[in-house]
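A short worksheet on the structure shown next.
The values are calculated or read from the model by the stated rules, or taken from the named source; none is laboratory data. Just so it is clear, the model here is predicted, and its values are computed rather than measured. Every residue, glycine as well, gets a Cβ built from its backbone with ideal geometry; the counts of neighbours run over all protein chains shown.
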Amino acid sequence: MSELPANRVSTLDPVTFEVLKNAFSTAVDLMSEQILRTCHSFVIFARDFSCALCDARGDTIMQGSQDIAVHVGTLHYTCKAVIEAFPEDIHPGDVFAVNDPYLGGTHFNDVRIIRPIFHEGRIIAYAQANGHWADVGGSVPGSFDVNAREHFGEGLRIPPVRLWDRGVYRSDVARLIFSNTRVPSDNEGDMHAQAEATRICQREVLRLAAKYGVDTVVTAMSEVQDYVERITRGRVAALPDGEWETVDYIDSDPAAGEGLIAVRVRMTISGDQLHYDLSGSDPAVGSFLNSAYGASVSGVMAGTKTFFPDVPLNAGFYRAVTVELGPEGSVVNAPWPIAVTGFCSGPYEKIMNAIFELWSQVMPERAIACSFNLEYLLVGGRDARRPDRPVFMWYDWMVGGWGGRNGRDGSTATAPIFGVGLAVQPVEGQERLSPVMTTRHQILTDSGGPGEFRGGCGVEKGATLTAAERTVMSYCCDRARSIAWGIDGGLPSLPHGVWLDPAAGDERFLGAVFSNVAVSAGDSFQRPSAGGGGYGDPLDRDPAAVLEDVIDGYVSIGRARLDYGVVIEAVDPEICSYRIDANATAQARAEIAVHRRGWQLEDAEAIAVRYRSGELGAMDLVRRYGVIVDWGTGELLPETTSQFREMVARRSVAHWP
Amino acid sequence: MTHLRVAVDVGGTFTDVCVLDETTSDVSVAKVPSTPADPMEAVMAGVAAAGVDLRDVALFSHGTTVATNALITRRFPPVAMVTTRGFRDVIEIRRGTKQDLWDAYKDVAPPYVQRRHRLEVDERVDYAGRIVTALDEDGARATARTLRRRGIETVAVCFVNAYANDANERRMREILVEEIPGVTVSTSSETLPEIFEHERFSTTVANAVLAPLVGGYVRRLSDRLRQGGYGGDLLLLHSGGGVMTPRLVDRYAVRLAASGIAAGAIAARHIALLAGHQHAIGLDMGGTSTDISLVYDGELRVTREWFVEYGYPICFPSIEVLTIGAGGGSLAWIDEAGSLRNGPQSAGADPGPACYGRGGTAATNTDANVVLGRLSARLVDGAVPLDAEAAAAAVRRSVAAPLGLDESAAARAALQVANANMADAVRLISIRRGYDPREFALVVFGGAGPLHGAALARDLAIPTVIVPPNPGITSALGCLLVDIRHDLAAMFLRPADDVDPAEVETEFAKLEAEARERLAVEGVAVGDISLQRSLSMRYLGQWRSLDVPCGVGAGAVEAAVARFHDEHAREFSYRRDGAAVELYQLGLRAIGVTPKPTLRPRPTAARAVASEASRRPVYFDEHPAAIETPVYRRSDLPVGVVLHGPAVIEQLDSTTLVPPDVTAVVDEWLNIRMTFDGEAQ
């Protein structure tokens, strides 16, 4: 790397450029630190927030180094929305708020606070702090109404509004916002934390302007974008030109019959330009699992960035990577007023995983199979442990398994690809705040999709309601049917979904998306998070690795045989003594190799019958037969099954010898 | 008569010894190579090299990386965990986050205990401390027998909600001790009785893996010192900035995990206070990294978020030290988009900078300093001749040619970027926390710190730079002047406006009884005990708490709450006086005061004049041409001498650069103090 790229054009000396580049990054990270330490929303505290410094046009100069993936590539949209909404009408001391997903935001909970930075009467930049508020109104607590079809049920839509006018707090505007939420004082605390953070960024930028001269700083703002564009284009140019295409699915459209909903991604590398086209995706669905344009672009940028982990994020990156979402009205380009709050469980991660798959072909050394789906469960009601019976919200999300990789297993029990900084909450904290007692929170044996390098393991969480009254449960997830898939011959993991075990009555499967299910004291519920899909043919997995997995309980003896054809015998489990039966293993692997193509073609209804009878389990159906049923009733989903089998044929079967 | 205080600081490369003679107040030092296979060998060699007779030693204190290294290398004794059924994966699930957000091929390290050795028993305590399920005694005993069969030597007992009721954990410990001869047991309720299972379990597991190792090392070293004639306790520097004795090492072994890092910060604080500065930033710049610490109002900043490996927090209060990958060996390089970068990659100890002549060809900060004449190719007292031509060639190849600069401009550019990176790091630890660097002194040490101190201070508008007498062994000094200290805490979640003062008093009294018991075990006399209360609190709804000191008696809580609003405004730049405040935790700092020597200032020399050892051309920032600069031996500089920059001051373990427009004075503590001329800073 000792040769200077021919295309370096700079008017700044190398020291000033590097110093200012790092200083911009520090200014943004100072904002993040401030928010993290002063926020009120536990969602923000769990790192669901992002910060950016944007230039006078609204283009991003630097985004926070620890920001959540899901906001990537959207902060310039909301900054530009403010600039457009207040032409010639932005003044020193102003602070704006916006959360509009139809103006490039993500969902209503993500409220962005934007402060113009003036130098001697001229706007030189904007500081932006974006945080997920715990509630912004709408028909359900937390503002996640699974059944919403339009934005009116989802929450308060905040177009660009002025919260501080020339330094004066507009309590009228603030009241309008906070009067429409369930936790006004938390919201106000978060808003102040965010506004203070942007002030800190402003202070840093003005310090730099005083020290280096405002023109130098403004020049550096633009050169930092050029710098990132140069790096990105240089990397892309070094790759072969070509076109790659794939499809991932959302489980279903509740307003239509069964059948998976396609999110199609075509990627083109042409010279130093990277282009994505999502125009073949299906129409918007009749639930809130749609995405408006900002969030879809974010999915593309975050998916791509995963393969350029060391490249900083700013507008230079977005210039080298272009996106065509296709016509309005699709599941990835939903216009107002289609409900989009569930984009994170719906199209977002489908776009990211699809892009992971495409890049796995371009950069096999960084290949990765599908990861578990973002999920969260909300149990809300009255806490009868206290005489005043206050409202409680048990708002819970889990870690899960990531896809198997080239040369190593996927990561176990990891935050979703939607944001790997999103921390799970401690059970001990939850038990203080809500009448919900967790009965287990543990890694789920056999959850990793089988492969030469298996998917990481998911987890399971079970809980019992104690002194809860007037309580309902809602769930936002996906992939009960479009199950996390393997690549290069690897196999899928297992279905998402909540199982309810009422104090009176039989266990029932509530699915991966539902709202307002009534529950009461004594009821138990549990849910898994999927593991990652497998990478490579499971029959090629080193039996010694399977043995280690069995000793640690990541894989059971039973599924070691079914999924890997590795026959393991327990010698003295108390002291972890097991051994591989080499002959039986060779025989089991040969048998599987002979039959496995045929299993994928067996009569699906006959398989469903065997599931209903209890002879086969969900993992058998998903991994061995490629059959998808309603996991509660066992009813076959024929259209879904045919789409799923087609997918398995392409990603798994085609790669077997 | 014992009259020596000896401090030994074991680092990765060298073991430093610092000896204070209480009768003369003289400090002498020695440096010997570390012996990682058995660190004790270097400790004893260092003591010998310093000419210390252990029979003359009044106090022997020790900063050790034994615990840190054990966690890094994971050379653990056979270890297991016993936990509540359903929760054996808490330490593997963690909080689920990754340190590297974007690289899908960078993983969090696995837990310290393999899943196969994490066993479950039936028991359950609820959020209020009620026993919902009693410990299944038969199951517990069967589990203990299983662990015995597996040859397990140390066990972490980690039960859900044990911070609220420790009965089941205590019973489990009894059963383990009955069933497994010689086992070491750490329970989460004793190690860290605080809410949040992962943080408590993780700290407890780290304690369990370290207790046998650290305990063994400490006992062997104690024996050796005793054989040599040392009659006192071996004092072990811990993460909180105090020392503890070997008697409590088994229970709190994990507190030694940050021992090595704490020493430098403690030394920086000590030097700053001696020089009359209540606010100081410590900058310890070595070969591959720089440790930055902060003293405000005479106290080091303390954090509860500390780890050796990401994902496995060790939640004891630890001195906050920010480590960045910038040192003498950091590489200057041009990235793929043509931008000049510095670090974090380093030439390390091998091959080291190009000027070491051990085959390094990439330009490091040390090479750039040689090119600029700031560092002499031949150290003034030194045995290590540097290869100036190799340094120049490396700078030409790595920086000058690609950027089209001449050699000196390239070297200067490389160092400016390095200094800016360090300044950004200082900003993160200061401005980010609401501190204004202009109120601080910068204490620079480590081999490379004094070369960069003045430039950094100028960038940060810090008015004063202090270079201690022996920059290369300053950390050892940090071990010399500390008290026995324990940090205790108890959960206390209450609204601040609805607190029963009697209840607060009762809870503090419990902590104080525990503290007195611990200090008694360590042999501290009642008269030497000092107990300091604190309260941690937050605005209702916030997720982080702030610690503020708390007095005793009526009105103490109200006063602490008032102080909380002030601290919140300073640290986070806003306050909400009308908002509800929630108490979170009671804290107690228990100090056993160790006898202190009196350090005597040196009298100003009658004729405070320095004589030049030599002159050489040196390049400074903002002066395009080299300036013919006087070079001094530090040992030749009398107290009270005033040097106007430019000047270079050389000593065995470091070189101090005094740029033009900077005045350097040798103070009564033998520090070099630099201030900037003609600037209202």
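Has the range A:138-145 got at least one residue that is farther than 24 Å from A:C201 by Cα and surrounded by fewer than 18 Cβ atoms within 10 Å (Cβ to Cβ)?
So in the range A:138-145, the residues farther than 24 Å from A:C201 by Cα come out as A:138-145.
Remaining after also requiring surrounded by fewer than 18 Cβ atoms within 10 Å (Cβ to Cβ): A:139.
Yes, some residue in the range A:138-145 is farther than 24 Å from A:C201 by Cα and surrounded by fewer than 18 Cβ atoms within 10 Å (Cβ to Cβ).
Tally time: how many residues in the range B:69-86 are out of contact with any Phe, Trp or Tyr (no Cβ under 8 Å at 6 or more places or on another chain), modelled with pLDDT of 90 or more and either assigned to a loop (DSSP other than H, G, I, E, B) or not aliphatic (A, V, I, L, M) (or both)?
Summing the residues that are out of contact with any Phe, Trp or Tyr (no Cβ under 8 Å at 6 or more places or on another chain), modelled with pLDDT of 90 or more and either assigned to a loop (DSSP other than H, G, I, E, B) or not aliphatic (A, V, I, L, M) (or both) in the range B:69-86 gives 4.
In the range A:63-87, what residues are small (G, A, S), surrounded by 23 or more Cβ atoms within 10 Å (Cβ to Cβ) and farther than 28 Å from B:A104 by Cβ?
A:A81
Out of all the residues in the range A:200-220, is one or more within 9 Å of chain B (Cβ to nearest Cβ), buried (at least 19 other Cβ atoms within 10 Å of the Cβ) and touching a residue at least 40 places away in the same chain (Cβ under 8 Å)?
yes
If I filter the range B:499-514 for residues that are aliphatic (A, V, I, L, M), touching a His at 6+ places or on another chain (Cβ under 8 Å) and under 29 Å from B:T245 (Cα atoms), do I get at least one hit?
No - not one qualifying residue is present in the range B:499-514.
Is there a residue being among the β-branched types (V, I, T) and farther than 25 Å from B:T675 by Cβ anywhere in the range B:441-460?
Scanning the range B:441-460, I find no residue that is among the β-branched types (V, I, T) and farther than 25 Å from B:T675 by Cβ, so the answer is no.
Would you call B:A411 buried (at least 24 other Cβ atoms within 10 Å of the Cβ), touching a residue at least 24 places away in the same chain (Cβ under 8 Å) and within 14 Å of another protein chain (Cβ to nearest Cβ)?
Spelling it out, B:A411 is indeed buried (at least 24 other Cβ atoms within 10 Å of the Cβ), touching a residue at least 24 places away in the same chain (Cβ under 8 Å) and within 14 Å of another protein chain (Cβ to nearest Cβ).
More than 31 Å from the chain's Cα centre (by Cα) and either closer than 22 Å to B:N419 by Cα or among the small types (G, A, S) (or both): is that true of B:G640 in this structure?
In short, yes.
Would you point out which residue out of B:A554, B:A513 is among the aliphatic types (A, V, I, L, M), outside the structural domain of B:G232 (by TED's automatic domain parsing), out of contact with any strand residue (DSSP E or B) (no Cβ under 9 Å at 6 or more places or on another chain) and without any contact (Cβ under 8 Å) to a residue 12 or more places away in the chain? Can you show your working first?
On the way: B:A554 fails: without any contact (Cβ under 8 Å) to a residue 12 or more places away in the chain.
Testing whether each residue is among the aliphatic types (A, V, I, L, M), outside the structural domain of B:G232 (by TED's automatic domain parsing), out of contact with any strand residue (DSSP E or B) (no Cβ under 9 Å at 6 or more places or on another chain) and without any contact (Cβ under 8 Å) to a residue 12 or more places away in the chain leaves just B:A513.
Taking the range A:434-468 as the search range and keeping residues that are more than 23 Å from the chain's Cα centre (by Cα), within 9 Å of another protein chain (Cβ to nearest Cβ) and outside any loop (DSSP other than H, G, I, E, B), which one is farthest from A:F392 (Cα to Cα)?
The extreme case among them is A:R440.
Considering only residues that are buried (at least 23 other Cβ atoms within 10 Å of the Cβ) and closer than 13 Å to B:R200 by Cα, look in the range B:88-101 and name the one that is farthest from the other protein chains (Cβ to nearest Cβ).
Selected residue: B:I91.
For the range B:488-504, enumerate the residues that are assigned to a helix (DSSP H, G or I) and surrounded by 14 or more Cβ atoms within 10 Å (Cβ to Cβ).
Passing the criteria: only B:V504.
Have a look at B:A142, B:A128 and point out the one that is without any contact (Cβ under 8 Å) to a residue 24 or more places away in the chain and surrounded by fewer than 20 Cβ atoms within 10 Å (Cβ to Cβ).
B:A142 is the lone residue from the list that is without any contact (Cβ under 8 Å) to a residue 24 or more places away in the chain and surrounded by fewer than 20 Cβ atoms within 10 Å (Cβ to Cβ).
Among the candidates B:A610, B:A626, which residue alone is aliphatic (A, V, I, L, M), in contact with a helix residue (DSSP H, G or I) (Cβ under 8 Å, 6 or more places away or on another chain) and part of a strand (DSSP E or B)?
Details: B:A610 fails: part of a strand (DSSP E or B).
B:A626 is the lone residue from the list that is aliphatic (A, V, I, L, M), in contact with a helix residue (DSSP H, G or I) (Cβ under 8 Å, 6 or more places away or on another chain) and part of a strand (DSSP E or B).
Yes or no: the range A:152-159 includes at least one residue that is modelled with pLDDT under 95, surrounded by fewer than 24 Cβ atoms within 10 Å (Cβ to Cβ) and either of a type outside the set (K, R) or under 22 Å from the mean Cα position of the chain (by Cα) (or both).
Yes, because at least one residue in the range A:152-159 is modelled with pLDDT under 95, surrounded by fewer than 24 Cβ atoms within 10 Å (Cβ to Cβ) and either of a type outside the set (K, R) or under 22 Å from the mean Cα position of the chain (by Cα) (or both).
Among the residues of the range B:298-325, write down those that are assigned to a strand (DSSP E or B) and over 27 Å from B:A275 (Cα atoms). Working first, answer last.
Initial filter on the range B:298-325 (assigned to a strand (DSSP E or B)): B:299-300, B:302-303, B:307, B:313, B:318-319, B:321-324.
If the condition is that a residue be assigned to a strand (DSSP E or B) and over 27 Å from B:A275 (Cα atoms), then B:F307, B:P313 are the ones that fit.
Just one of (1) over 13 Å from B:V467 (Cβ atoms); (2) out of contact with any strand residue (DSSP E or B) (no Cβ under 7 Å at 6 or more places or on another chain) trips up B:S654, so point out which.
(1)
Yes or no, residue by residue, for (1) out of contact with any Ser or Thr (no Cβ under 6 Å at 6 or more places or on another chain); (2) within 14 Å of chain B (Cβ to nearest Cβ); (3) part of a strand (DSSP E or B); (4) of a type outside the set (V, I, T):
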position	(1), (2), (3), (4)
A:I124	yes, no, yes, no
A:A129	no, yes, yes, yes
A:V136	no, no, no, no
A:V146	no, no, no, no
A:R175	yes, no, no, yes
A:R182	yes, yes, no, yes
A:A195	yes, yes, no, yes
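Of the residues A:V28, A:V15, A:V19, only one is modelled with pLDDT of 85 or more, buried (at least 24 other Cβ atoms within 10 Å of the Cβ), in contact with a helix residue (DSSP H, G or I) (Cβ under 8 Å, 6 or more places away or on another chain) and within 9 Å of chain B (Cβ to nearest Cβ); which?
The unique qualifying residue is A:V19.
Does B:A349 satisfy the condition of being touching a residue at least 60 places away in the same chain (Cβ under 8 Å), surrounded by fewer than 23 Cβ atoms within 10 Å (Cβ to Cβ) and not in a helix (DSSP H, G or I)?
yes
Could you say which residue among A:P309, A:P335, A:P327 is surrounded by fewer than 24 Cβ atoms within 10 Å (Cβ to Cβ), touching a residue at least 60 places away in the same chain (Cβ under 8 Å) and not in a helix (DSSP H, G or I)?
Of A:P309, A:P335, A:P327, the one residue that is surrounded by fewer than 24 Cβ atoms within 10 Å (Cβ to Cβ), touching a residue at least 60 places away in the same chain (Cβ under 8 Å) and not in a helix (DSSP H, G or I) is A:P335.
Hey, can you tell me all the residues within the range B:143-182 that are closer than 18 Å to B:I131 by Cβ, assigned to a helix (DSSP H, G or I) and either touching a strand residue (DSSP E or B) at 6+ places or on another chain (Cβ under 6 Å) or outside the structural domain of B:V121 (by TED's automatic domain parsing) (or both)?
B:E169, B:M172, B:R173
When you check B:V185 against the structure, is it away from chain A (no Cβ under 14 Å) and assigned to a helix (DSSP H, G or I), yes or no?
No.
Considering each of A:V566, A:V609, A:V571 in turn, give the residue that is over 21 Å from A:C457 (Cα atoms), among the hydrophobic types (A, V, I, L, M, F, W, C) and touching a Ser or Thr at 6+ places or on another chain (Cβ under 6 Å).
Criteria check complete, one pass: A:V571.
Among the residues of the range B:446-474 satisfying the criterion of being part of a helix (DSSP H, G or I) and in contact with a Phe, Trp or Tyr (Cβ under 6 Å, 6 or more places away or on another chain), which is modelled with the lowest pLDDT?
For the range B:446-474, the residue satisfying everything is B:T474.
Quick check on the range B:132-147. Is at least one of its residues touching a Phe, Trp or Tyr at 6+ places or on another chain (Cβ under 7 Å) and at negative phi? Show your work before the answer.
Step one: filter the range B:132-147 for residues touching a Phe, Trp or Tyr at 6+ places or on another chain (Cβ under 7 Å), giving none.
Within the range B:132-147 (the criterion being touching a Phe, Trp or Tyr at 6+ places or on another chain (Cβ under 7 Å) and at negative phi), the answer is no, since none of the residues qualifies.
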